[in-house]
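The values are calculated or read from the model by the stated rules, or taken from the named source; none is laboratory data. This structure is a prediction, so every number in the text was calculated from the model and none was measured. Using ideal geometry, Cβ is built from the backbone for each residue, glycine included, and neighbour counts are taken over all protein chains shown. Accessible surface is based on the protein model in full, side chains and every heavy atom, while ligands, DNA and RNA are left aside. Shrake-Rupley method; radii C 1.70, N 1.55, O 1.52, S 1.80 Å.
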Amino acid sequence: MSTSISSRALPVLVAGGGIGGVAAALALARQGFAVKVLEQAPQLGEIGAGIQLGPNAFAAFDALGIGELARGRAVYTDEMVMHDALDERLVGRIPTGEPFRARFGNPYAVIHRADIHTSLLEGARAHGQIETLTGTRIEAVQQEGDTVTVRDQHGQVHVGQALIGADGVKSVVRQQYVGDAARVSGHVVYRAVVEKNDFPEDLRWNAASIWVGPNYHLVHYPLRGGEQYNVVVTFHSREQEEWGVREGSRQEVQSYYSDCCPRARQLIDLPKSWKRWATADREPIGQWSFGRATLLGDAAHPTLQYIAQGACMALEDAVTLGQALKHCGNDWPQALRLYERSRIARTARVVLSAREMGRIFHASGVERLVRNDLWKGRTPQRFYDAMEWLYGWKAETCLAED
């Protein structure tokens, strides 16, 4: 085993305290490691609103020991449903009730990002081996022998036996080791949460619902027991976009939906305030582990939102990292190679599939007609077969064959 007595006494450093970072910290603590989480925000928490959880996310929650906590905060949908935003035509419907659960061993659900983060934090704190430093942004990484040294913006130095770069879409760790450019999509996402009393009665469906139109779409689903609704609108921007988040403008959103049917269009008039994301992903890479440093979640494989798998992939990463360490007797270089080998093709497929799904959602002209015919008459079983590669993930079989 390559880890010396001295380095074994050091914590594992985790850059980033979002969903991926806290999930990684929990997986590492369960494997017996002390962990130090370095988070640049002044406090731990999640911005954003709701996200969707496939059965694979629940498999990951169970493997991290927080299945019950997460299940208690989720809203379980009856179906996923797609309508054409121009004429209200039903394009596709995927039931997510008992047959879905029986097929994948877990439900489909929607949840507030903060509720996932809280569940992970509660699990992490129960282990007592996790230290968290907020207001701490890493600026440089150095490796020597079996230690990793990180310097933060205050000039403070943190030494660990390994570094997990879970520092998000603008990862400092990735920039140092990979240095690749982001691929700005030109697609802008507005997100908001609306109270139930302000949400249209004729859209209060217990479903993950999407309205697809030419160069745009709208999403809505219930949160927190149906007391709130998540509203997301996405459009192809007329401007040259730069990757980032800022406050949104109601006038801008409304300007992109002039041909949208009235029933769906009422969604964009609801929010009192919007957060505006200019989205980007990166080209998949064939290596994201470097010595005793590795990437996880959006730092490793930032993806567009079109198959709702960003957080799910980060959770899977965390579980796989813990399993790889267990399999390799906590030998870091060997475990990181196995972790990477187990994740690269799967996460690349998610990144590329999300791009393609975005194209399908935003089809116009004849392509729109093809899209609307695509799932006509398809049985639930055939939908489930198509989703098997994604939703069938299990912690027990997550490691690549040797």
*Structure-based [θ]222 nm, the chain - -39500 (n - 2.57) summed over DSSP H runs of at least 4, per residue, nearest 500*: -10500 deg cm²/dmol
*Dmax and Rg, reported as Rg then Dmax, of segment 222-262 (C-alpha, Å)*: 13.5, 39
*segment 216-319 pair-distance distribution - Cα-Cα, 5 Å bins, rounded %*: 2, 9, 17, 19, 17, 14, 10, 6, 4, 1, 0, 0
*Once the mean 1/r over all distinct Cα pairs of the chain is inverted, what Kirkwood radius in angstroms do you read off?*
21.8
_Can you give me the C-alpha center-to-center distance between segment 50-84 and segment 151-193, rounded to a whole angstrom?_
26
*Using a 1.4 Å probe on the protein chains only, how many percent of the accessible area of segment 146-228 belongs to carbon and sulfur?*
43
_What is the ratio of the Cα radius of gyration of segment 295-345 to 2.2 N^0.38 Å, with N the residue count, to two decimals?_
1.18
*asked:* For q values of 0.11, 0.12, 0.18, 0.22 Å⁻¹, compute log₁₀ I(q)/I(0) with the Debye formula on a Cα-only model of segment 127-274, without solvent.
replied: -0.65, -0.73, -1.00, -1.30
*Alpha-carbon centroids, segment 200-246 and segment 321-396: separation in whole Å*: 22
_Debye, to nearest 20: dipole size of segment 89-233, +1 on Lys, Arg Cβ, -1 on Asp, Glu Cβ_ = 520
*Unsatisfied cross-links (Cα-Cα over 31 Å) in the set 272/394; 36/196; 170/394; 170/196*: 272/394; 36/196; 170/196
*Mind jotting down a quarter of the surface of the convex hull over the alpha carbons of segment 273-314, in square nanometres, one decimal?*
4.1
*If you put +1 on each Lys and Arg Cβ and -1 on each Asp and Glu Cβ, how big is the dipole of segment 279-402 around its Cα centre, in Debye rounded to 20?*
280
*What are the radius of gyration and Dmax of segment 271-379, computed over its Cα atoms and given in Å?*
17.9, 56
*Under a Cβ-Cβ cut-off of 9 Å, what is the net charge of the residues other than residue 172 that fall near it, where Lys and Arg count +1 and Asp and Glu count -1?*
+1
*Taking the Cα centre of segment 278-335 as the origin and placing charges on Cβ (Lys, Arg +1; Asp, Glu -1), which of 321, 305, 287 is farthest toward the positive end of the dipole?*
321
*asked:* Quick one: 3J(HN,Hα) in Hz for segment 241-247, Karplus 6.51/-1.76/1.60 with θ = phi - 60°, rounded, Gly and Pro as x.
replied: 8, 10, 4, x, 10, 7, 5
*Return one whole number: the accessible area per residue of the chain in Å², for a 1.4 Å probe.*
41
